[in-house]
Amino acid sequence: MDIKGSVALVTGANRGIGRAFAQALLEHGAVKVYAGVRDPESVEDPGLVPLRLDVTDEEQVAAAAAAAGDVSIVINNAGVAGGPSLLEGAFDGARREMEVNYFGTWAVSRAFAPVLAANGGGALVTMLSVASWVANRQLPSYAASKSAEWSLTNAFRLALQEQGTLVVGVHAGYVDTDLAASIDSPKISASDVAEQTMTALLNDEVEVLVDERTRQVRAALSGDLATLYGGR
């Protein structure tokens with residue numbers, strides 16, 4: 001996959017990991033990066049092209065695919081957290097997580113698959129999580145949405161291989177962004193996530209395991225549940 005000279009789209013590119021993705025693409029030579037966001041005025045970086053895109057709005061997704069018909073790299077980064085705890089709380093936040101993280105990713109990937117095909121295949125990247133693989137008692141619905149999103153990413157990899165699209169899943173633990181601001185645990189930087197993803201694109205790698213915790217959990221999936229959930 002070539003980044004230099006490419007045109008890319010990043011959803012949720014106005015802050016956090018999405019903003020880091022967009023900047024990394026430009027630094028690696030992308031000639032245009034669309035920032036797909038709900039409010040185009042929130043895009044402050046002059047090198048980005050704001051594009052109105054609420055990933056839960058199918059009409060906006062279709063309009064974005066029509067407007068950004070020159071892209072060869074699409075990064076599904078838009079995501080939310082805020083569901084209830086496991087044993088109490090309303091389900092509204094959990095439904096929102098599924099709408100954005102799962103259905104939103106599905107809608108964008110589906111809409112841009114033919115665009116990528118028309119432009120030679122390109123790459124479809126999805127920002128996942130270590131939570132794709134392990135349940136979380138404090139954030140059960142977020143983990144469930146990321147697990148569903150991981151399955152969806154694998155399905156798109158199978159479906160788009162014939163058109164030559166590289167489908168990449170990016171997994172990480174806690175990242176130092178607003179989303180994890182209230183969590184008192186070691187965190188990695190958004191720029192590190194983005195740079196490792198750029199390296200994966202350049203090397204045609206289908207999976208990015210950003211930190212040591214993520215690599216440990218990925219390896220433990222072949223073991224028993226006691227090993228996977230020990231100490232949790």
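The values are calculated or read from the model by the stated rules, or taken from the named source; none is laboratory data. Quick caveat: nothing in here was measured; it's all calculated off a predicted structure. As a convention, Cβ positions derive from the backbone with ideal geometry for all residues, glycine included, and neighbour counts pool all protein chains shown. These accessible areas exclude ligands, DNA and RNA; they are computed on the full protein's heavy atoms, side chains included. Shrake-Rupley method; radii C 1.70, N 1.55, O 1.52, S 1.80 Å.
Ordering 57, 39, 92, 211 by accessible area with a probe of 1.4 Å, largest first, what comes out?
Details: 57 55, 39 75, 92 110, 211 20 Å².
From most exposed to least exposed: 92, 39, 57, 211.
Express the carbon and sulfur contribution to the solvent-accessible surface of the stretch 71-210 as a percent, rounded to the nearest whole number, probe 1.4 angstrom. Before the final figure, lay out each step's value.
Working: 3340 of 6160 Å².
Here it works out to 54 percent.
Pulled fully out, how much extra length does the chain show between residue 207 and residue 62, if you take 0.36 nm times their separation in residues and subtract their Cα-Cα distance? Display every interim value, and only then the final one.
Details: separation 145, 0.36 × 145 = 52.20 nm, distance 2.74 nm.
The residue 207-residue 62 span can extend by a further 49.5 nm.
When you have a sec, figure out the Kirkwood radius of the stretch 19-113 from all distinct Cα pair distances and drop it here in Å to one decimal? Don't skip to the answer; put the middle values down first.
Details: mean 1/r = 0.0693 Å⁻¹.
About 14.4 Å, per the Kirkwood formula over Cα pairs.
Cα extents of the stretch 88-138 along the three principal axes, largest first, in whole Å?
Its Cα atoms span 48, 22, 9 Å along the three principal axes.
If packing is taken as the average number of other Cβ atoms within 10 Å across a peptide's residues, how do 27-34, 166-173 rank, most packed first? It would help to have the intermediate numbers written out before the result.
Numbers: 27-34: 18.0, 166-173: 23.0.
Result, highest mean first: 166-173, 27-34.
Give the accessible surface of the stretch 1-121 per residue, rounded to a whole number of Å², with probe radius 1.4 Å and ligands, DNA and RNA excluded.
With all protein chains present, the stretch 1-121 gives 47 Å² per residue.
Considering only DSSP states other than H, G, I, E and B, which trypsin sites (Lys or Arg not before Pro) in the stretch 61-146 qualify as loop sites with at most 12 other Cβ atoms within 10 Å? Can you show the working numbers first?
Numbers: sites: 95, 96, 110, 137, 146; in loops: 137.
Passing both the DSSP loop test and the Cβ count: 137.
Report the convex hull volume per residue for the stretch 63-119, counting only C-alpha atoms, in Å³.
Numbers: hull volume 4.1 nm³, N = 57.
In the stretch 63-119, the Cα hull volume divided by residue count equals 73 Å³.
Find, to one decimal place in angstroms, the Kirkwood hydrodynamic radius of the chain, where the mean of 1/r is taken over every pair of different Cα atoms and then inverted.
Values: mean 1/r = 0.0565 Å⁻¹.
Averaging 1/r across every pair of different Cα atoms and inverting gives 17.7 Å.
Relative to the longest principal Cα axis of the chain, at what angle does helix 140-160 sit, 0 to 90 degrees, rounded to 10?
So the helix axis and the longest Cα principal axis differ by about 40 degrees.
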